[in-house]
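Have a look at the structure below before the remarks.
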Amino acid sequence: MDFDKGNLAAFAKGCDVLGAGGGGPAGQTLPAALHAVAEHGPVRVVELTELPDDELVMPCALLGAPDVYVERIGTGRESVVIRRQVEAHFDRRVAALMCTEVGGSNGPMSVAFAAHAGLPLLDADGMGRAFPGIEQVAMQVAGIPASPSVLADEHDRVVLVRAESGEWLERLARNVATAFGNRGVSSEYVMTVDQADGAVVDGSMTKALRIGTVLEEAVRDGHSTRSAVARLAEEFGGARLAECRVTGVHPIKNKATAALATNTRRTILLEGVNRDDGRWLRLEAGHEYHAVLEDGELLAATPDVITLFDIHGGEPVPVPELRYGLRVVVLALPSPPSWQRPEGLALVGPRAFGLSLDYSPLAADDV
Amino acid sequence: MSDLAHHTGGYRLGIALDGDEVAGALVDVHGTVVAVTTRRLTGKPTPDDALHAALAPLLAHAEVDGGGTAGDIDRVLFAISELDDVVVEPDTDGSAPQETWTGGHGPVAAVRLGAATTAVPPLALWPPEFRDRVVLASTCVSGGARLDGTELEPLDEAGLAAFARTVAGKVEAVAVTGVFATLTPDHELAAAAVLERELGGRVRIVLSHEIGGSGLLERENATVLQAVMTPPACRDAERLQQVLVAHGLGHAEVFFARNDGTIMAIDYAATHPLALYGGAAAATVRGTALLAGEQDTLVALTRADGTAPSIGAVTAGLPRLTSGHTTIAGVPTSLRMVAQVPVRPDGARCDTRALTEAIDRAKVAPTDLPLLLGGPGAEELAATLPPHLAGTVSVRCPPWAAAAAAVGVATAPVGGEARRILALSDDDASVVRETVDEAARVAAVRAGADPQRARAKLREETPLSYLAEPAVALLARAEGPPRSAVPAGRPRPTTVPLEENGI
């Protein structure tokens, strides 16, 4: 499978669904992906089995603040200098670029990074969705070292940070990002193809594309948002939780010094409408949607992907755009199995985001 | 007091045009609406026709109150729906949107200040046939700023001059967009000086920091669209000034309704025509609230063509705005508009269920609000509605609702805004806040506010996420009454009475 101008828009839609309300809008980086494939040709999407075992998989992601990278859009060629630095450090060839975070802006951006670096893109990612933390990736659970972190800005300035712990790596990398002016591109958890087997979330690129294609087909065939969402639930073993109106968005005061994962919390009240009339749901959100409860019972929780769709526009609604009066359909999709192990849940389960809840697996809609 | 008004003029004349529907409003020196008129014309009336149709009945009415001649009017303010078409109607069916382009646009050139921004080149998101028709050339040169105000890259003045020479004599306008120019416009201003030196004073230089909005690509698109529209807008403005002279209003300052519900003087509108887009709708929302005397309300906006209404919200007298992301002629731009929730009926009729849902979605909070009907179809809509709708305290069609746009534009202030980023560790935080307030006030004065009465009005502070050092984005808004060439208290200018002018 290739990414080209014919399927990138659908892929970006799927990235927004997997963003679970976070990750930044994929539409913001879609133009960069389209420009890159126009310039360099289609990007080949590959499986691990197609790659030499001892060559490298290089994860790549935007780094910094979204308010900065909508202005400093960069070159997309930051991946070229990162690749050079990674190959020099490991003294091995990079066989494929990998998207660190399929959810949101980093999905399409990874296609641009791969195209400019002349690399195929692995059909995988580090999260299967969006998360705020550098260490909230499947490779962390699998014991792949995060270090070194290779960071570059759009002027080919490049820094390699080595540290003995994630804490030090993050501390130093953040300072590099600040020096860059809160905008850069970084690579962590570089691994061999052999190591990557079982350590990454498989199939993320094709999954996002499939999700976007289902949504595009629904629009083309004149189906409503609610039936498009029901089709997604059916195809991916998820659940269409309810159709609601937003009746209130309540920010929760938190210390400014709180960890990134928990520093923007809010509770949202949803009142069921139409066939869900009379139901009341509570939605907990931070940078992404974290949990949905009804009558004190958990319906879905992170790391499962909770996404809200605007009933009228059919688009996924990012957390910052939730406001009173919106009509939404709530969808939950199951997370990859590696996240559901205890060490995965410790990293990305409800408690990692400040919620006093225990994860329980999603009850899929009866098909 | 009305005697004083009579002797010193000070009247504002609001003129609205939506399809064949003309409305006029006369507002006295105290801001009180003293006369209103509505007329239906035929055959695609122009602003000239609208002025002609509304002026005489308003003056006749004012005469009864002791007012009188065109010479008493010192400000004329227009809210014209068709200006949206001049700006280019959004492309609805995917085909070329250019039917309303009557020619005379462009060609223009686009310059981006920021060499390391090649991930998406200038104009990449434009419909290609539109781009090819109006944009002659584009380039990226070194320049731009960083979030903290320091240089992203040094400004490449030699590169700019070289580019200017390749387009000299071939373009009517040049659009300049710098990275983070809304925070630090230095490079855009320096680039304008270089371009003027190379191209001469007749080529219009349009700068992105005057348009505003966060997001390089959308702001750049808005800037280039504005460059495309500026030369014809300047020609239209000249023509309109002559029309006013013919009506005995040559002494009056002329203003236009703006996208955000404020107004701008004709010289500013001619050089910033993108802001005309959505201006008439914004004036209608504001005027409807004013006619009903409500500060916090919902407004159902009706149109002359009888299409389904949309619902907007007014909070503390100000219409709620979108966050930007307005697509014009198939081009994504940063323009903010008055937020309107369309009523989406299942069938063709505007049923109660669709209306109550739109009412709920238009609100910012669950509190019940009045629903006011405004615009040319307000009374027809009122006749079809039940007296009470869920989520409202009342459903009302205020008197003269059909003339709401004329009232809105005649009573609106001139607005201005400015942006800065404030690092919370900054010791001079209060200085930064004062600076941004003053920049907004200056922007309002440039748009036509009375310099003595323009004031900073409100400041929004939004925390920026994912920054290592906490910072907030400051957005200051200022407003003031529209300036007048004839300050109240001075004798009014001698003018030819209307009859002698053959009108």
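Taking chain B as the reference, fit the longest principal axis to its C-alpha atoms, fit the long axis of helix B:47-64 to the helix C-alpha atoms, and give the angle between the two in degrees, 0 to 90, nearest 10. So the helix axis and the longest Cα principal axis differ by about 40 degrees. With a Cα-only, solvent-free Debye model of the range A:249-366, what are the log10 I(q)/I(0) values at q = 0.12, 0.17, 0.18, 0.21 Å⁻¹? Result of the Debye calculation: -0.43, -0.88, -0.98, -1.29. Only lysines eight or more places from A:LYS13 in sequence, or on another chain, were considered; those with a Cα closer than 29 Å are A:LYS5, A:LYS207, B:LYS363. Over the range A:2-202, one equal point on each Cα, no solvent: what is log10 I(q)/I(0) by the Debye formula at q = 0.08, 0.17 Å⁻¹? Per q value, in the given order, log10 I(q)/I(0) is -0.22, -1.11. Alpha carbon centre of the range B:232-260 versus the range A:113-183: separation in Å? Cα centres, the range B:232-260 to the range A:113-183: 57 Å.
Extension gain for A:ARG171 to A:LYS253 (0.36 nm times residue separation, less C-alpha to C-alpha distance): 27.1 nm. The alpha carbons of the protein assembly as shown give a radius of gyration and a Dmax of 28.7, 95 Å, in that order. Per residue, the accessible area of the protein assembly as shown comes to 39 Å² when a 1.4 Å probe rolls over the protein heavy atoms.
Compute the signed sum of charges (Lys and Arg +1, Asp and Glu -1) over the other residues within less than 9 Å, Cβ to Cβ, of B:LEU373. Value of the local net charge: 0.
Of the GluC sites (Glu not before Pro) in the range A:135-202, the ones in a loop by DSSP (not H, G, I, E or B) with at most 12 other beta carbons within 10 Å are A:GLU164.
For chain A, modelled as a GNM whose springs connect Cα atoms under 10 angstrom apart, the maximal fluctuation among A:GLY128, A:GLY107, A:GLY354 occurs at A:GLY354. Convex hull volume of the Cα atoms of chain A, normalised per residue: 130 Å³. The Cα center of the range B:146-166 and the Cα center of the range B:438-487 differ in position by 28 Å. Solvent-accessible area of chain B (1.4 angstrom probe, protein heavy atoms only): carbon and sulfur portion equals 52 percent. Of all DSSP bridge pairs formed entirely within the range B:307-451, close to 65 percent run antiparallel.
Pairing chain A with chain B buries about 3100 Å² of accessible area. This figure sums both sides and uses a 1.4 Å probe. Counting, for every residue in A:306-317, the Cβ atoms of other protein chains within 10 Å of its Cβ and taking the mean gives 1. Inter-chain Cβ neighbour count for B:116-129, averaged per residue, equals 5 (cutoff 10 Å, partner chain atoms only).
Could you give the distance between the Cα centres of the range A:5-25 and the range A:41-101, to the whole Å? Distance between centres, Cα-based: 19 Å. Seen from B:ALA440, the other residues with C-beta closer than 12 Å to its C-beta sum to a net charge of +3, counting Lys and Arg as +1 and Asp and Glu as -1.
As a rough guide to protection, the peptides B:297-306, B:403-412 ranked by mean Cβ packing within 10 Å, highest first, stand as B:403-412, B:297-306. Each peptide in A:306-313, B:42-49, A:193-200 receives the mean, over its residues, of other Cβ atoms within 10 Å, and ordering these scores from highest gives A:306-313, A:193-200, B:42-49.
Surface composition of the range A:50-117: carbon and sulfur atoms hold 40% of the protein heavy-atom accessible area at a 1.4 Å probe. Only aspartates and glutamates eight or more places from B:LYS44 in sequence, or on another chain, were considered; those with a Cα closer than 20 Å are B:ASP18, B:ASP20, B:GLU21, B:GLU82, B:ASP84, B:ASP85, B:GLU89, B:GLU99, B:ASP236, B:ASP305. Peptide A:181-191 is shielded by partner chain Cβ atoms: per residue, an average of 2 of them sit within 10 Å of its Cβ.
Among beta bridges from DSSP that stay inside the protein assembly as shown, the antiparallel ones total about 70%.
Put simply, when B:433-439, B:354-360 are sorted by average Cβ atoms within 10 angstrom per residue, most first, you get B:354-360, B:433-439.
What shape does the range B:414-480 take by its C-alpha gyration tensor, where a ≥ b ≥ c are the square roots of the eigenvalues and a/c under 1.5 counts as rounded, a/b above b/c as prolate, and the rest as oblate? Prolate is the answer for the range B:414-480, as a/c is 1.5 or above and a/b outweighs b/c. For chain A, the longest principal axis of the alpha carbon atoms and the long axis of helix A:204-220 meet at an angle near 40°. Which residue, B:LEU372, B:SER334, B:HIS52, has the largest displacement toward the positive end of the dipole of chain B when charges sit on each Cβ (Lys, Arg +1; Asp, Glu -1)? Comparing the listed Cα positions along the dipole, B:HIS52 ranks first. Using Cβ point charges alone (K and R +1, D and E -1), the dipole size of the range A:2-202 about the Cα centre works out to roughly 600 debye. Across q = 0.11, 0.12 Å⁻¹, chain B modelled as identical point scatterers on its alpha-carbon atoms has Debye log10 I(q)/I(0) values of -0.97, -1.14, in the order of the q list. Among A:THR29, A:THR206, A:THR302, the largest mean-square fluctuation in a Gaussian network model of chain A, built with springs joining Cα atoms closer than 10 Å, belongs to A:THR206.
The values are calculated or read from the model by the stated rules, or taken from the named source; none is laboratory data. Source: prediction; values computed, not measured. Every residue, glycine among them, receives a Cβ derived from its backbone with ideal geometry; neighbour counts consider all protein chains shown. All accessible areas refer to the heavy atoms of the entire protein, side chains included, with ligands and DNA or RNA removed. Shrake-Rupley method; radii C 1.70, N 1.55, O 1.52, S 1.80 Å.
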